[in-house]
Amino acid sequence: MIRLREPGDLTWDSVQAIAYDNAPVSLSDALLARVDAGRAAFLGLIEAGVPCYGVTTGLGQLVERELDEDARRDLPNNMLRARAAAVGPPLAAPVARLILAIRLVNFLSGLDGVRAGLCRFLVDRLNDGFTPWIPTLGHGMGADAVANCHAFQTFIGEGFVFGPDGQRQAAAEALDERGVAPLTLASKEGLALISGVNVAPALAIDAHRRLMAILRLANAVAALSMEGLAAPRDSIDAAIEQVHPQPGVARVATALRRYLAGSGVRVARLQAPVSYRIVPQIHGAFLHALDGLRQRVEQSLRGFTDNPLMVLDDSPAGGRLLSVGLFHDQHLVNQVEQVALALAHLGALAERRLHRLLNPGFSGLTPQLAPRPGLDAGLVVVQKASLDIVARLKWLAQPLSLQVGEGSGGQEDYMAMAFPAIQRLHEMAGLAHLLLAHELLTALVAVDQRGEPVGEGLARLRQALRARIPALDRDRAPGADLERLLAITADGAFQALLLDL
């Protein structure tokens, strides 16, 4: 049970427990009282005649159009319909749950002007497994509005959710099966549901989980390549940490030393190629970028990101409603771009290490690791295939968030593009995983040829892999081996053998 007694209880760990482990949620009475106090303060400002975007006025370019009482009553539901414009396959169910859970950050602050009843309804839907179906294509609007419309129109019985079979189900039907009436929204609540920053942090958390797994695999593969090349260990010596305290480097070097501890591989050269010596720097920079992504998400979980912002003071109206840009999390988006660049470097380095393993001038092994040189081609085609993959990875690393446009007749003329920028990290992760599989296949053959015992941390990994992929004694199509490696290394049992950072 995740017991929320204050907004700060929505943390990196707690929202993941809610999303991925289906941990139930409860709200304290004091927290709900704070929300209702914020609602009362908001209504006081409206009664005092303070204009409010999205409550007393239209949205976007129609911000100058004042609404009559009938329009104000219809607006909350209407805005959840008009902006649900995305199409395509859905976000994974845990990501949708993250979106719901993080939406509470603004509400529980008491600054969003919603009712405690809305918070209760949201928590009840988390607890009864009511998970919105949120399409993945068409999110070019400012902030997270399109995704939030798809997520929260389900509360009023519109749109779709994940059904019991994992397929799309009408939200009205899912509410009816739970014996729950559609939520009747009060003023401001439609705007509060679609505004703010909650989708981008949800996507970032999901990407972070996958990319940390990629990094753990990359460290193991790099260590096995070091064994295959019989590379010196100078680049991971602990002495470096005293003179080169760059973030992430020491943690990566420590993991590599643990993998190689007890190795019986005799070092063959005084100096390894650069691609082997800079593993702690490249992998360490990627780890640092991921740590920064987590920090940016954690900052989002502590801050108010909606618009307008309610500020209470001693003015005649009792406060102000400020039209602000807190919904634009450029810090998070910039960090996403850094992660993309660091991931591309990690993948590109894997291809370079692979190529060195095929060169007998570096490895002392057979040319192209061919079992029968001349008759067999060995693994040269594996490296050639990796050039396709690394080119795609580098292309995806370009700063997608710069591809901004404008809408609403120029009123909304800059957007974060967080959704597509973060989404492409998953495509990059798939390519990096494939590059690591190419290197891993090559490193396994190199280690087999060397015939010396690898480090203790690698021996279990090698044994697990060789139990399902036989050694190379003559040419065979490498595609099938690569596909098996992808499946094995994605499996939880194998990942449990990888060292944490």
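The values are calculated or read from the model by the stated rules, or taken from the named source; none is laboratory data. The shown structure was predicted, so the numbers you read here are calculated from the model rather than taken from an experiment. Cβ placement follows ideal geometry from the backbone for every residue including glycine, while neighbour counts extend to all protein chains displayed.
Entry remark, the range 424-455: residues being outside any helix (DSSP H, G or I) and in contact with a Gly (Cβ under 9 Å, 6 or more places away or on another chain) number 4 in total. Counting only residues that are of a type in the set (A, V, I, L, M) and surrounded by fewer than 16 Cβ atoms within 10 Å (Cβ to Cβ), the range 173-183 holds 1 of them. Those residues that are small (Gly, Ala, Ser) and either more than 18 Å from Phe162 (Cα to Cα) or at pLDDT 85 or above (or both), I need them from the range 72-84; list them, please. Residue satisfying the conditions is Ala82 alone.
Within the range 331-367, restricting attention to residues that are closer than 23 Å to Val297 by Cβ and among the polar types (S, T, N, Q), which residue is surrounded by the fewest Cβ atoms within 10 Å (Cβ to Cβ)? Among those residues, the one meeting the criterion is Asn334. Within the range 243-261, the only residue that satisfies the criterion of being over 15 Å from Ala285 (Cβ atoms) and modelled with pLDDT under 95 is Val243. Yes or no: the range 180-190 includes at least one residue that is farther than 30 Å from Gly292 by Cα, touching a residue at least 40 places away in the same chain (Cβ under 8 Å) and of a type in the set (S, T, N, Q). Checked against the condition, which is being farther than 30 Å from Gly292 by Cα, touching a residue at least 40 places away in the same chain (Cβ under 8 Å) and of a type in the set (S, T, N, Q), the range 180-190 yields at least one hit. Of all residue pairs spaced 6 or more apart or on separate chains, those with beta-carbon atoms under 7 Å, a first member in the range 348-365 that is under 14 Å from Gly378 (Cβ atoms) and a second member that is in a helix (DSSP H, G or I) and of a type in the set (Lys, Arg) are Leu365/Arg450. Take the residues in the range 257-288 that are among the aliphatic types (A, V, I, L, M) and assigned to a helix (DSSP H, G or I); name whichever of them is nearest to Arg352 (Cα to Cα). Restricting to residues being among the aliphatic types (A, V, I, L, M) and assigned to a helix (DSSP H, G or I), the top hit is Val274. What number of residues within the range 91-120 satisfy the criterion of being under 19 Å from the mean Cα position of the chain (by Cα) and not in a loop (DSSP other than H, G, I, E, B)? Number of matching residues: 12.
The listed residues are Val390, Val380, and the only one of them that is in the same structural domain as His283 (by TED's automatic domain parsing), among the β-branched types (Val, Ile, Thr) and in contact with an Asp or Glu (Cβ under 7 Å, 6 or more places away or on another chain) turns out to be Val390. Among the residues of the range 183-196, are any more than 30 Å from Gln330 (Cα to Cα) and in contact with a Ser or Thr (Cβ under 6 Å, 6 or more places away or on another chain)? No, the range 183-196 has no match at all.
Among the residues of this structure, Ala23 counts as one that is outside any helix (DSSP H, G or I), surrounded by 14 or more Cβ atoms within 10 Å (Cβ to Cβ) and either touching a helix residue (DSSP H, G or I) at 6+ places or on another chain (Cβ under 9 Å) or not assigned by TED's automatic domain parsing to the domain that holds Gly190 (or both). Give me the pairs, please: first residue somewhere in the range 469-496 and more than 25 Å from Leu211 (Cα to Cα) and assigned by TED's automatic domain parsing to the domain that holds Val221, second residue anywhere and in a helix (DSSP H, G or I) and among the hydrophobic types (A, V, I, L, M, F, W, C), beta-carbon distance under 6 Å, and either six or more positions apart or on two chains. Once the first residue is more than 25 Å from Leu211 (Cα to Cα) and assigned by TED's automatic domain parsing to the domain that holds Val221 and sits in the range 469-496, its partners that are in a helix (DSSP H, G or I) and among the hydrophobic types (A, V, I, L, M, F, W, C) give Leu472/Val445; Pro478/Val382.
Within the range 371-397, the set of residues being assigned to a loop (DSSP other than H, G, I, E, B), among the hydrophobic types (A, V, I, L, M, F, W, C) and either surrounded by fewer than 17 Cβ atoms within 10 Å (Cβ to Cβ) or modelled with pLDDT under 95 (or both) comprises Leu375, Ala377. State whether the residues of the range 457-469 include one that is at pLDDT below 95, crowded, with 17+ Cβ neighbours inside 10 Å and in a helix (DSSP H, G or I). Scanning the range 457-469 turns up at least one residue that is at pLDDT below 95, crowded, with 17+ Cβ neighbours inside 10 Å and in a helix (DSSP H, G or I). Here is a check on your reading of the model: is Ala416 under 28 Å from Val95 (Cβ atoms) and touching an Asp or Glu at 6+ places or on another chain (Cβ under 8 Å)? Taking the combined requirement at face value, the residue satisfies it. Picking from residues in the range 351-368 that are part of a helix (DSSP H, G or I), at pLDDT 95 or above and under 16 Å from Leu224 (Cβ atoms), the one that is nearest to the chain's Cα centre (by Cα) is Glu351.
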